[in-house]
Amino acid sequence: MFSLRDRVALVTGGSRGIGRAISVTLARAGAFVAVNYRGNAKAAEQTLAEIREAGGDGVLLPFDVSDPEAVDAAISAFVKERGRLDILVNNAGIALDQLLMRVRPEEISRTFEANVAGAIYCAKAAIRPMMRQKYGRIIQISSVVAETGNPGQVVYSASKAALLGMTRTLAREYASRGITVNAVTPGFIETDMTDALPEAAREGILRTTPVGRIGRPEEVAAAVLFLASDEAGYVTGQTLGVNGGMHV
């Protein structure tokens with residue numbers, strides 16, 4: 001069940017945290033995984049090493065998702081080499097948290113270029129080979145704050161909410177071509193970012209999480225694996241929350 005044997009996947013922002021867990025999980029299920037990263041080659045190499053330790057295989061694919069020419073060139077070359085692209089996970093993104101009154105215009109631009117435009121560029125490049133195959137899985141990694149909101153994250157939450165609209169629209173556009181498009185909204189997950197939070201902030205978040213604990217990246221990756229599988233062929237345009245009950 002949930003085998004990805006002979007599938008080819010691309011995970012953007014796959015070098016650390018949730019992206020790493022997704023890359024390893026898809027590879028363990030049988031997919032050949034391209035691990036995208038922008039600047040941290042060492043972390044990306046560690047992800048690839050973990051993929052191979054898990055019995056999978058993959059390759060590193062460095063490019064900036066906010067650069068449309070780089071996206072097209074990298075994905076086109078990868079598809080030409082592998083012959084196909086079955087799964088795209090739009091995970092790359094940034095968070096520049098700030099109260100609205102302090103947000104600078106350049107922070108808005110950077111966030112939307114990475115989180116929204118980057119996902120659109122990658123989806124556009126991936127859909128071409130998927131249409132030829134009449135098969136594809138596109139999975140957006142959004143956030144629970146897209147659904148609940150969160151003080152200090154007005155720009156980030158707006159960008160992640162945009163992915164949900166993109167998901168529903170693409171699902172309608174390409175369902176007839178055998179391409180499904182879904183989103184996952186993680187809650188409070190153990191990553192380098194959350195590890196840096198003050199203890200008081202962590203305790204506050206846990207009080208609003210009914211299951212009473214922090215989630216693991218592997219739990220998000222398990223949801224992605226389901227949506228990437230053949231078993232999810234009748235699921236499209238949906239949002240799957242992995243948030244411990246923060247949004248019910």
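The values are calculated or read from the model by the stated rules, or taken from the named source; none is laboratory data. The structure displayed is predicted, hence computed values, not measured ones. All Cβ positions, glycine included, derive from the backbone under ideal geometry; neighbour counts span all protein chains shown. When the accessible area is computed, the model is the full protein with side chains, heavy atoms only, and any ligands, DNA or RNA have been set aside. Shrake-Rupley method; radii C 1.70, N 1.55, O 1.52, S 1.80 Å.
Which condition breaks for Y121 when tested against (1) open to solvent by 70 Å² or more (accessible area, probe 1.4 Å); (2) among the aromatic types (F, W, Y); (3) out of contact with any helix residue (DSSP H, G or I) (no Cβ under 6 Å at 6 or more places or on another chain)?
Going through (1) open to solvent by 70 Å² or more (accessible area, probe 1.4 Å); (2) among the aromatic types (F, W, Y); (3) out of contact with any helix residue (DSSP H, G or I) (no Cβ under 6 Å at 6 or more places or on another chain) one by one, Y121 breaks only (3).
Out of the residues in segment 158-172 that are closer than 9 Å to G237 by Cα and among the charged types (D, E, K, R), state the one that is least open to solvent (accessible area, probe 1.4 Å).
Looking at the filtered set, the residue picked out is R168.
Residue by residue, here is whether (1) acidic (D, E); (2) in contact with a Ser or Thr (Cβ under 7 Å, 6 or more places away or on another chain) holds:
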residue	(1), (2)
E113	yes, yes
Y121	no, no
P129	no, no
R137	no, yes
I141	no, no
V154	no, no
G165	no, no
R168	no, no
I189	no, no
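Among the residues of segment 87-115 satisfying the criterion of being assigned to a helix (DSSP H, G or I) and β-branched (V, I, T), which is most open to solvent (accessible area, probe 1.4 Å)?
Only one residue fits best here, namely I108.
If the Cβ limit is 6 Å and pairs must be 6+ apart or interchain, which residue in segment 206-223 that is open to solvent by 60 Å² or more (accessible area, probe 1.4 Å) pairs with which residue that is outside any loop (DSSP other than H, G, I, E, B)?
E218/A21
Take R84 and tell me if it is open to solvent by 30 Å² or more (accessible area, probe 1.4 Å), in contact with a strand residue (DSSP E or B) (Cβ under 8 Å, 6 or more places away or on another chain) and either assigned to a helix (DSSP H, G or I) or farther than 14 Å from Y156 by Cα (or both).
It is true that R84 is open to solvent by 30 Å² or more (accessible area, probe 1.4 Å), in contact with a strand residue (DSSP E or B) (Cβ under 8 Å, 6 or more places away or on another chain) and either assigned to a helix (DSSP H, G or I) or farther than 14 Å from Y156 by Cα (or both).
Inspect all residues belonging to segment 27-43 and state whether any of them is of a type outside the set (G, A, S), out of contact with any strand residue (DSSP E or B) (no Cβ under 6 Å at 6 or more places or on another chain) and open to solvent by less than 40 Å² (accessible area, probe 1.4 Å).
no
For segment 133-163, give me the residue count where each residue is under 15 Å from the mean Cα position of the chain (by Cα) and aromatic (F, W, Y).
Residues that pass the stated criteria total 1.
Do you know which residues across segment 1-29 are within 15 Å of I87 (Cβ to Cβ) and of a type in the set (V, I, T)?
Listed by number, the residues that qualify are V8, V11, T12, I22, V24, T25.
Quick check on my filter: what residues within segment 23-57 are under 11 Å from V11 (Cβ atoms), part of a helix (DSSP H, G or I) and not hydrophobic (A, V, I, L, M, F, W, C)? Lay out the reasoning, then the answer.
Initial filter on segment 23-57 (under 11 Å from V11 (Cβ atoms)): 23-27, 31, 33-37, 44, 47, 51.
Next, only the ones that are part of a helix (DSSP H, G or I) stay: 23-27, 44, 47, 51.
Result: S23, T25, T47.
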